[in-house]
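*Asks:* Below you will find the structure I want to go over with you.
Derivation of every value follows stated rules applied to the coordinates shown; laboratory data play no part. Computed from a predicted structure; not experimentally measured. A quick note on method: Cβ atoms are made from the backbone with ideal geometry, for glycine too, and the neighbour counts reach across all protein chains shown.
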Amino acid sequence: MKIASVVGARPNFVKLAPIHRAIMSCSDHTIIHTGQHYDYRLSEIFFKEFHLPPPDIELDVGSGESGFQTGEMIKKLEKVFLDSKFEIVLVYGDTNSTFAGAFAASRASLKIGHIEAGLRSFDRSMPEEINRILTDHISDQLFAPTYTAMKNLQSEHVSGKVLYTGDLSVEIIKEAVNLASKSSILDNLELEAKSYMLFTMHRAENTNYENKMESIIHVFETLLHRGIDMRIIFPIHPRTTNKLKITGQYERMENCENVILLEPVGYVDFIKLMLNAQKVITDSGGIQKESYLLGVPCITIRNNTEWVETLEGGWNILTGTDPDKIVTAIVDAGPSQIHNFPDQTIFGSGRTSEIIKDALMTFMRN
C-alpha cells in the first residue's frame, strides 16, 4: 500500500508514532509535515523521542491566522497529492493540518482515513470542532476512538465507513510512561512528586480573549493571597506567550511567585510532569484524556469537552475561565485514586494501531 500521513502539530505527531510502526512493514508510508508547528520543541523533538524517521516532505507553512495557514496547507498539499500515487491519506485528530490534509486529498480524488474521528464538543465556535466535522464528512474510513464517537458519526449519517478502534493514547501513554522513567525534569526543576500543579493554555477560545487570560492570572494571584502553597508549572505555548505580550499581561504572569514558566518541553518530559502533578489544569483535549489515563485529576478551563468520558467519577471538571470555579476545583480534595481509579477500558484494549492497520489492509483489498 502507498499511504501518506499528514501531520503538523503535537497531537498529530504523538498519534503518528504507533501508526507508523504498525503499517511500516506492509506499506510504503510517506510522512508529510505541514509545518503548522515549526518550533523544535513542538515538532522535531517528538520525532526523536518516538524514533520516527524525518518527514519525507516538509511544507514549511509556518505561523499565521487559522484561515491563512489552512489555505496555504491546502495549496501545497494539493500539489503534492496530484503528483502522487497514494492509495489513502491518513489525517489525525482536529488540527488545521487535519482538515487541510483531508480537503486536499478529496480534491485530488484520493481516499481519506480519519484517525480519532467522531469527537464532538458541540461548540462550533471552536476551530477544532469545525475541523472535526468537515474532516469526518469527507473521509472514507473513520476510526472512532470511543463508542460515544461512534454514536456521533452514526447520528450525522456520515458517508464513510465507521469503525470502532479504541484510542491510540492507551498504547502511547504506556510507552511514554516507560520512557519517562528516565526523564530528569523533576530533578532539574527541583520538584517533589505531588508538590505542584501542571498548567497549559493554548486554545484560541481562551488566548484570543484578554479577559480570559486575565482571569487565569487572577487565579494564580488568588492562590498566593490565600497562602495556598502550591507551585504552578506552566510550559508556555508560543501562541500564549505572544498573546500575553500583546495584551501587556506577560510581565504580570512572570510576577506570580507561584508560577514557574517553562519553554515548551518534549512529550516524555511532559508526561513525567503530568504523572507526578497533584492536578492538571488545561484547555487541551488530548491532555484531558492523558491525565485521565494516568489517574491524575484534571481541571478543564473550558465550558465543554469532546472527551465526555473523562468527566465520570470527577476525574475531569469543567470550570471555564471562572476564577472562583477554578480555585474551588484546585483546593477540592478530588476523586480518590485508591478507591475510584479511572476506567481505562473505555478507551479500548491498547491494540488500536493494529486494528487500524488491519482495517486499512482490508479496505484497500476491497
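*Asks:* Using a simple charge model, +1 on the beta-carbon of Lys and Arg, -1 on the beta-carbon of Asp and Glu, nothing else, what dipole does the chain show about its Cα centre, in debye to the nearest 20? Walk me through the numbers before you get to the answer.
*Replies:* Values: 36 positive and 47 negative charges, 150 e Å.
The dipole magnitude comes to about 720 debye.
*Asks:* Still on this structure: Amide H to amide H under 5 Å from K279: which residues, 5+ apart in sequence or cross-chain, H placed 1.01 Å off N in plane?
*Replies:* Excluding prolines and chain starts, which carry no amide H, the hits are L198.
*Asks:* Once the Cα atoms of helix 127-138 and of the chain are each reduced to a long axis, what angle between those two axes, in degrees from 0 to 90 to the nearest 10, is obtained?
*Replies:* Rounded to the nearest ten degrees, it is 20.
*Asks:* Given H placed on each backbone N at 1.01 Å, which residues far from T30 in sequence or on other chains put an amide H within less than 5 Å of it?
*Replies:* I3, A4, S5
*Asks:* Do any of K2/K161; K161/K279; K245/K279; K75/K151 go past 31 Å between their Cα atoms, and which?
*Replies:* Working: K2/K161 20 Å; K161/K279 38 Å; K245/K279 27 Å; K75/K151 33 Å.
Table pairs above 31 Å Cα-Cα are K161/K279; K75/K151.
*Asks:* Can you give me the angle between helix 285-294 and the longest principal axis of the chain, using Cα atoms only, in degrees from 0 to 90, rounded to the nearest 10?
*Replies:* 70 degrees
*Asks:* Still on this structure: Show me the ranking of peptides 266-275, 122-131, 236-245 by mean Cβ neighbours inside 10 Å, starting with the highest. Mind dumping the intermediate values first?
*Replies:* Working: 266-275: 22.4, 122-131: 15.7, 236-245: 17.8.
Going from most to least packed, we get 266-275, 236-245, 122-131.
*Asks:* Moving on to the next point. Where the only charges are on Cβ atoms (+1 Lys, Arg; -1 Asp, Glu), what is the dipole of the stretch 184-346 about its Cα centre, to the nearest 20 debye?
*Replies:* Details: 14 positive and 22 negative charges, 40 e Å.
Using only the charged Cβ atoms, the result is roughly 200 debye.
*Asks:* Mind pulling the angle between the C-alpha long axis of helix 10-23 and the longest principal axis of the chain? Nearest 10 degrees, somewhere in 0 to 90.
*Replies:* That works out to roughly 40 degrees.
*Asks:* Got the relative contact order for the stretch 84-137 handy, in percent, Cα pairs under 8 Å and 6 or more residues apart?
*Replies:* Working: 71 pairs, mean separation 21.2, N = 54.
Dividing the mean separation by the residue count of the stretch 84-137 yields 39 percent.
*Asks:* Using only the Cα atoms of the stretch 63-130, build the gyration tensor, take square roots of its eigenvalues as a ≥ b ≥ c, and label the shape rounded, prolate or oblate: rounded if a/c is under 1.5, else prolate if a/b is larger than b/c, else oblate. If you can, show how the numbers build up before the last one.
*Replies:* Working: a/c = 2.92, a/b = 1.38, b/c = 2.11.
Verdict is oblate for the stretch 63-130.
*Asks:* Run lengths n ≥ 4 of DSSP H only: what is the helix-derived mean residue ellipticity at 222 nm for the chain, with -39500 (n - 2.57) per run over all residues, to the nearest 500? Mind dumping the intermediate values first?
*Replies:* Working: 16 runs with 164 residues, N = 366.
When only DSSP H runs of four or more count, the value is -13500 deg cm²/dmol.
*Asks:* Does the stretch 165-260 classify as rounded, prolate or oblate by the C-alpha gyration tensor (a ≥ b ≥ c root eigenvalues; a/c under 1.5 gives rounded; else a/b over b/c gives prolate, otherwise oblate)? Write out the running numbers ahead of the final one.
*Replies:* Working: a/c = 2.26, a/b = 1.39, b/c = 1.62.
It comes out oblate by the Cα gyration axes.
*Asks:* Let me ask something additional. For a 24 Å ceiling on Cα separation, which of these pairs sit above it: K243/K289; K85/K357; K212/K325? Can you show the working numbers first?
*Replies:* Working: K243/K289 26 Å; K85/K357 19 Å; K212/K325 13 Å.
With Cα atoms farther than 24 Å apart: K243/K289.
*Asks:* Which residue, chosen from T352, N340, T328, occupies the Cα position most advanced towards the positive end of the dipole of the stretch 309-366, where the dipole is computed from +1 (Lys, Arg) and -1 (Asp, Glu) charges on Cβ about the Cα centre?
*Replies:* Selected residue: T352.
*Asks:* Which order do peptides 180-192, 12-24 fall in by mean Cβ count within 10 Å, highest first?
*Replies:* Working: 180-192: 13.2, 12-24: 22.1.
Highest to lowest by the protection proxy: 12-24, 180-192.
*Asks:* Defining a contact as two alpha carbons under 8 Å apart and six or more residues distant in sequence, what relative contact order in percent does the stretch 184-346 show?
*Replies:* Computed over the stretch 184-346, the figure is 24 percent.
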